[in-house]
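Below is one structure, written out as structure tokens; comments come after it.
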Amino acid sequence: MSNKEVKAALKSARDAIRNKEYKEALKHCKAVLKQEKNNYNAWVFIGLAAAELEQPDQAKGAYKKAIELEPNQLLAWQGLANLYEKPNQTDVKGDLVDVYQKLLELYESGDKQKWCDVCNKLVELYHQEKKYLEVAETWRKLIRMKQEEGAEKAELHQLWKKMIQLLKDSSGNQDNKTGQLLLTAFEHALNSADVVPGEDHQNLYKDFIQCLSKFPHEVARLEKACHDMMALYPTMSYPLEVLCLHFVNSGTLSEEALHCFSRLLEMDASSGPGIIGFGIKCLKEKKYKEAVKSLTEGLQKTNQCPAAWCYLAEAQMKIHEHRNAVLSCIQALEALGTPEGPNLRWKNLALQLKAETLIKIADADAAEEAIKALEQIVDASSDPVVSALRGQAYLNKGLMDQASKISQELLLSHPDLAEAHALQGFIHYSQKNYEQAEKSFLSAIEKKAGTAEYHLYLGLTYWFMNDETKKDKGKALTQFLKAAKLDSYLGSAFCYLGNYYRDIAGDKSRARGCYKKAFELDEMDEESGTAAVNLSVELGDMDTALSILNEVTGKARPGTAKWAWLHRGLYYLRTGQPSQAVADLQAALRADPKDSNCWESLGEAYLNRGSYSTALKSFRKASELNPGLVYSIYRAAALEQILGKYENAIATYQQILKKTEDYVPALKGI
């Protein structure tokens, strides 16, 4: 076949392809290859025809042969791209990327429009594969190409916005380079916007700030963006809210932060971040109740703020709302998820606060939870304070050996650590080794004088000491007073002050005040509540006694607050109000159905009301629970007599006289 015949055969192949006669085209190409086996066009035409005949392997082989012959010719690369783009081609994305990259190289110095088309396709491919760095770098080349061609500002603006759109899903999981390219895209888009200020520009700024807030190391850039947006849009609260949350999460309370909190609340009094900021300010100023109120309110509006949950837990601990503080720590940990970077600090803090609070609850289950929390703290083994907490948790759980081991190790490795001496004190105190406990607590106070708990336990140590020289409770009083002064929310300090003034000083009025204060701080403190009521009665102040009892019973759930129901029931019984007495004594029995004395009192109330049959049942129940209650047995006999059950009454009287021969009421009754 001559050169002329080869050209004719190739023309016939081209015409056949144009007419969709692909098999005919293949015949012509094969004829050419018999004569010229390295004919580039023949291999390209075979690729085209085979692709249309759905023979992808043959097509791919033909194109690759052509590329091998002429690697810088466009036709074969274009054909291979078309082949790989077909829907039935799977697992070829990696190959298609290589083809697109070669096409970009070939088009770069020629057809700019085709270069842009291929660039778009390559970016789309990278995006599908979530290769965000490659997306960013390739799109950046496209923008650079457009800039070199002198593209209009509006077109470039749209391209920067498109780049942001392409990379928006990357911000949660990007390498630093991708992140920087995304932030650069935002800055270019903002600078190329037509209408400033304007709605689109404003929304773009919001997105930029939101994106920046996900980059822990871009603090300066975030602050600048917020300030710039505030200058452009002074009535918009969003940048100020982000800035406030940034200050909250930074853990610092600078003058600038306080200014931002105040400015935000002036702009929007209901803003979650603003209210949270005010709550943190209250916490730092030791206004703990106000802090709890504000932080709780702010978190109802902005609940995904781990730092704010930690601050709330801290404030709740300060006022000894331990169970609420545990719940706040749990919320902080849920909001954090699996943190890294600066958020790891908040996770460790939330876990430590949770453990401290659980230790204050002081039961075995809470101690177990505290140990689990401490185990999750990163680098906990290197923190002696965390080790001391672990020792306290072991002590609360009854694991004395483990607690003692930690105490001894800490005293050797950190002899100046107050917590180490306090732990040793708690161990000695629990073992009633009061002299050793005294030494340990004095050492702890010497190293950390402002801790109310240390003074309280030193006071308790003096209170329970058996040594003759310690009978004077004056030392205990001094420590209880110091504890109460250092922590005005420490209910147990006021309770023991009440004990001192009642039992040692004989000052009922002052004792009543201390018990009342202790009970106001902790409504679960039955001892203080009962003492406050009893002393109020002794002092003839029934109004205060009833006020306390009414408050407790008004809040009590069914089956709780027995002491309050019982005290008020007895008051009603004494003051001739039997129906009210019945209701309260029944409520007391719902809390403790086996209290024989309460059944006896209920019998009295029914008797005074004239409900003889029910009174009889109550007295019988009392004597069943406690056969030694002679009065209840006598009352049952007397009621049987009133109800005309004489034989039963005589038998019951005789039952009493067998035990107590000279029980006058029974002798009279019989």
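Among 247, 279, 265, whose Cα lies farthest out toward the positive end of the dipole of the range 240-293, if unit charges sit on the beta carbon of Lys, Arg (+1) and Asp, Glu (-1)?
Sorting the options by dipole projection puts first 279.
Report the Cα centroid-to-centroid distance between the range 81-136 and the range 617-641 in angstrom, as an integer.
Centre-to-centre (Cα) distance: 97 Å.
What shape does the chain have by the C-alpha gyration tensor, where a ≥ b ≥ c are the square roots of the eigenvalues, rounded means a/c under 1.5, and otherwise prolate means a/b greater than b/c and oblate the rest?
Prolate.
Between rounded, prolate and oblate, where does the range 412-456 land on the alpha carbon gyration tensor, with a ≥ b ≥ c its root eigenvalues, rounded for a/c under 1.5, else prolate if a/b exceeds b/c? Before the final figure, lay out each step's value.
Numbers: a/c = 2.06, a/b = 1.24, b/c = 1.66.
Since a/c reaches 1.5 but b/c is at least a/b, the shape of the range 412-456 is classed as oblate.
Cα-Cα over 29 Å: which of 214/286; 318/475; 405/432?
With Cα atoms farther than 29 Å apart: 214/286.
Cut-off under 19 Å on the C-alpha distance; same-chain residues fewer than 8 positions from residue 4 excluded. Which aspartates and glutamates are left, in chain and number order?
15, 36
Explain nothing, just the number: dipole magnitude of the range 125-183 about its Cα centre with +1 on each Lys and Arg Cβ and -1 on each Asp and Glu Cβ, in debye rounded to the nearest 20. Please list the in-between numbers first.
On the way: 11 positive and 9 negative charges, 21 e Å.
That gives a dipole near 100 debye.
Per DSSP H run of at least 4 residues, take -39500 (n - 2.57); add these up for the chain, divide by its residues and hand me the 222 nm value, nearest 500 deg cm²/dmol. Could you put the intermediate results ahead of the total?
On the way: 37 runs with 507 residues, N = 670.
Computed ellipticity for the chain at 222 nm equals -24500 deg cm²/dmol.
By a straight-distance test (C-alpha under 20 Å), which lysines pair with residue 141 as possible cross-link partners, with residues fewer than eight away in the same chain excluded?
102, 112, 114, 121, 130, 131, 153, 161, 162, 168, 177
Averaged per residue, what accessible area in Å² does the chain show with a 1.4 Å probe, protein chains only?
51
Taking all protein chains as present, what is the carbon and sulfur share of the accessible area of the range 184-286, in % to the nearest whole number, probe 1.4 Å?
Ligands and nucleic acids excluded, carbon and sulfur give 51 percent.
Using a/c under 1.5 as the rounded threshold, could you call the range 503-546 rounded, prolate or oblate? The axes a ≥ b ≥ c are square roots of the C-alpha gyration tensor eigenvalues, and prolate needs a/b larger than b/c, oblate otherwise.
Since a/c reaches 1.5 but b/c is at least a/b, the shape of the range 503-546 is classed as oblate.
How many percent of the accessible area of the range 327-459 is carbon or sulfur, using a 1.4 Å probe?
The value for the range 327-459 is 48 percent carbon and sulfur by accessible area.
Taking the Cα centre of the chain as origin, sum charge times position over the Cβ atoms of Lys and Arg (+1) and Asp and Glu (-1), and report the length of that vector in debye to the nearest 20. Mind showing how you got there, number by number?
Numbers: 85 positive and 90 negative charges, 189 e Å.
Its charge dipole is roughly 900 debye.
If one computes the Cα centroid of the range 434-460 and of the range 346-407, what distance in Å separates the two points?
Each part's Cα centre sits 20 Å from the other's.
Which value, in debye to the nearest 20, describes the size of the charge dipole of the range 58-126 about its Cα centre when Lys and Arg Cβ atoms bear +1, Asp and Glu Cβ atoms bear -1, and nothing else is charged?
Values: 9 positive and 11 negative charges, 33 e Å.
For the range 58-126, the charge dipole is close to 160 debye.
The values are calculated or read from the model by the stated rules, or taken from the named source; none is laboratory data. None of the values given here were measured: they were computed from a predicted structure. Note that each Cβ is placed from the backbone with ideal geometry, even for glycine, and that neighbours are counted across all protein chains shown. Quick note on the areas: whole protein, heavy atoms, side chains included, nothing else; ligands and nucleic acids left out. Shrake-Rupley method; radii C 1.70, N 1.55, O 1.52, S 1.80 Å.
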